[in-house]
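What follows is a set of notes on a single structure, which appears directly below.
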Amino acid sequence: MSNKWLWTIAVAVGMLGLLVGAVAADALVDVYVDGNKQSFDPGARLRAGTTYAPLRAAVDAVGASVQWVEAEQLAVVQKGEQTANINKSQGIIVTGRLLIPLRLMAEALQIQVTWDSACKAVLIGKQPPRVLEAAPDWVVGTWELYAISNSRAGWKIYDLSQGKGCAGWFTFNANGTWTGLLRSPTGSMTGSGTWAVHGDRYNLMGWPEPMTMFRQEKDLYHEVDFGEGNQAWLWFWPAVSPLDIRDPVVGTWQLWRISDTYGGPKDPVRDGSRTTFRFNADGTWSFQDISAGGSMTDSGTWTRRRDRYVLKDPAGIMAPPVFREGNTLYHLVGEAGGPRLYSWFRKQ
């Protein structure tokens, strides 16, 4: 990956207009009709301040009928004596399907429609009182930009100094609010607002346009589309936790098992080698591998980021993180979408 390409990413991240205009995914939203949550395919989405939903599914949801006038590229929606005429140019196309503006249709049919900012939902018709679901605790906290890649499963640039000062963070609060910052040498953008969870994605309201972040395993990522086939994936991990002498990682850990997948069979180490990690309470670590072919040692400093431990050597070069899973540690080598090896350690 060239420095020129990475510089393009860093500049784009810091430019408010480009980043806001380049959000790759619409913000998915919920739709309730007379208090009943609707299931649309493709899902209802917010784009440029307007909520869209699939034409026929939206019409069926409100108990209306529709006729398509091919010559005029016009959908004529009828409910009782009320009619809504919706031109194709007023909608958007998603995966080959026409999605129409929900408010435009509902108001033309004289059906009440409101936006529930707390639940991030469109409410059509009569709505019984609803309680906002508790925010999941997984995402709550501060997340920092740590890597950039040119595909979701591609190789990651961890050394953001190569990006000429590219940096960023987001804080998700349990009350459904967020704050954040993205920065590069050309400028910075800060924001705040509310967020909602939809499966593996988190929709952030507050920028001039909605921003969507996705969960992949233990990370968050945001996809940026610069147009003309140029894309970048911004990767975030939990913020650094203070050093604590009581941290469960402090001590000596010995290689115990090896597996090809996270949940797959863990095979015993049979070659007679002995591999250990030593984590010290002062934030230093050491590594030793002894086998028939010789020995290897390494050392450096560590920081904790929730359930992972980030290792750096004396030169500041970052190694793949070590994750804590109950009373074991695992060290992962490889990228998503490629060959991986999980080394599992138990405390001595």
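A few remarks follow.
- Selection within segment 179-209 - closer than 19 Å to residue 235 by Cα, among the hydroxyl-bearing types (Ser, Thr, Tyr) and modelled with pLDDT under 80: 184, 188
- Number of positions in segment 309-318 that are over 12 Å from residue 287 (Cα atoms) and assigned to a loop (DSSP other than H, G, I, E, B): 4
- Evaluation of residue 224 against (1) surrounded by fewer than 16 Cβ atoms within 10 Å (Cβ to Cβ); (2) under 30 Å from residue 171 (Cβ atoms); (3) among the β-branched types (Val, Ile, Thr) (one fails), failing number: (1)
- Every test in (1) modelled with pLDDT of 85 or more; (2) small (Gly, Ala, Ser); (3) over 16 Å from residue 306 (Cβ atoms) is passed by residue 239 save one, and that test is (3).
- For segment 50-64, the criterion of being outside the structural domain of residue 210 (by TED's automatic domain parsing), farther than 15 Å from residue 96 by Cβ and loosely packed, with under 13 Cβ neighbours inside 10 Å is met by none of the residues.
- If you go through segment 276-316 and keep only what is of a type in the set (A, V, I, L, M, F, W, C) and surrounded by 15 or more Cβ atoms within 10 Å (Cβ to Cβ), you end up with 277, 279, 285, 287, 302, 310, 311.
- Residue count for segment 235-281 under the criterion of being closer than 13 Å to residue 343 by Cβ, hydrophobic (A, V, I, L, M, F, W, C) and within 30 Å of the chain's Cα centre (by Cα): the result is 1.
- For segment 67-82, a residue qualifies if it is in contact with a Leu (Cβ under 8 Å, 6 or more places away or on another chain) and over 20 Å from residue 34 (Cα atoms), and the qualifying residues are 68, 75.
- Complete set of residues in segment 243-267 that are surrounded by 13 or more Cβ atoms within 10 Å (Cβ to Cβ) and part of a strand (DSSP E or B): 251, 252, 253, 254, 255, 256, 257, 258, 259
- Subset tally (residues that are surrounded by fewer than 15 Cβ atoms within 10 Å (Cβ to Cβ) and over 20 Å from residue 49 (Cα atoms)) for segment 86-122: 3
- Of all residues in segment 273-308, exactly one satisfies the criterion of being hydrophobic (A, V, I, L, M, F, W, C), assigned to a loop (DSSP other than H, G, I, E, B) and more than 20 Å from residue 240 (Cβ to Cβ), namely 292.
- Some residue of segment 200-220 being under 12 Å from the mean Cα position of the chain (by Cα), under 30 Å from residue 263 (Cβ atoms) and of a type in the set (A, V, I, L, M): yes
The values are calculated or read from the model by the stated rules, or taken from the named source; none is laboratory data. It should be emphasised that the depicted structure is a prediction, and the values quoted were computed from it without experimental measurement. Please note: Cβ atoms are built from the backbone with ideal geometry, for glycine as well, and neighbour counts cover all protein chains shown.
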